[in-house]
Amino acid sequence: MVGFKVVIGTKDGKCHQKEVSEEDSKSLIGKKIGENIKGELIGLTGYEFEITGGTDYAGFPMRKDIVGTGRKRILAVSGVGLKKKAKGLRVRKTVCGNTVHSKISQINLKVLKEGKEKLGATPAPKEGEAPKESEAPAKEAKPAEAPKEAPKEAPKEAPKEAPKEAPKE
């Protein structure tokens with residue numbers, strides 16, 4: 001079983017996804033929205049992140065002002081889980097608490113401190129390992145040959161049908 005999917009937002013506005021193994025995900029359980037975590041917990045040394053939110057296995061968003069791990073139906077005026085349609089509108093919404101637990105499927109993180117490795121860069125293969133197919137060196141392209149024109153054929157005529165005879169009485 002895979003642990004969490006982590007979505008990391010960088011300062012330049014780009015997001016990177018990473019799947020965290022089940023062993024590493026155990027270290028994130030119990031953390032709350034707004035807490036800072038070290039990058040070593042999810043396999044990114046040198047980084048520091050802040051938890052900004054997430055969703056549970058059914059897609060309900062985590063909200064910072066709901067304490068605990070369970071879901072609650074709240075009367076929301078604004079904020080996470082609500083698209084404002086009119087002024088003064090209050091809507092009953094189901095949201096998840098602010099604490100990371102085992103039924104959370106995605107955690108959103110914000111980069112506070114960057115490490116040496118760039119996010120999204122594929123690591124170089126170790127010595128003795130063959131490169132993956134997607135990382136294989138590109139083959140030299142042959143110069144494109146001019147397309148040969150196919151000989152034009154005479155258009156085929158539709159077969160002629162014999163005239164129909166009138167039924168005899």
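The values are calculated or read from the model by the stated rules, or taken from the named source; none is laboratory data. Nothing here was measured: the structure is a model prediction, and the numbers come from that model. A quick note on method: Cβ atoms are made from the backbone with ideal geometry, for glycine too, and the neighbour counts reach across all protein chains shown.
I need the full set of residues from the stretch 38-64 which are among the charged types (D, E, K, R) and surrounded by fewer than 19 Cβ atoms within 10 Å (Cβ to Cβ), in order please.
Residues satisfying the conditions are Lys38, Glu40, Glu48, Glu50, Lys64.
Given the conditions (1) under 26 Å from Glu114 (Cβ atoms); (2) in a strand (DSSP E or B), and given that Ile74 satisfies all but one, which numbered condition is not satisfied?
Among (1) under 26 Å from Glu114 (Cβ atoms); (2) in a strand (DSSP E or B), Ile74 violates only (1).
Of Ala136, Ala121, Ala141, Ala146, which residue is under 28 Å from Glu19 (Cα atoms) and modelled with pLDDT under 60?
None of the others qualify; the one that does is Ala136.
It is to be established whether one or more residues within the stretch 75-95 are at pLDDT below 90 and either within 22 Å of Glu19 (Cα to Cα) or of a type in the set (S, T, N, Q) (or both).
Within the stretch 75-95 (the criterion being at pLDDT below 90 and either within 22 Å of Glu19 (Cα to Cα) or of a type in the set (S, T, N, Q) (or both)), the answer is yes, since at least one residue qualifies.
Let me confirm something: among Val67, Val111, which residue is among the β-branched types (Val, Ile, Thr), in contact with a Ser or Thr (Cβ under 9 Å, 6 or more places away or on another chain) and either buried (at least 19 other Cβ atoms within 10 Å of the Cβ) or touching a residue at least 60 places away in the same chain (Cβ under 8 Å) (or both)?
One residue alone meets the criteria, Val111.
Every residue in the stretch 15-65 that is over 30 Å from Arg92 (Cα atoms), part of a loop (DSSP other than H, G, I, E, B) and in contact with a Gly (Cβ under 8 Å, 6 or more places away or on another chain), please.
The answer is Val20, Ser21, Lys26, Leu44, Thr45, Gly46, Tyr47.
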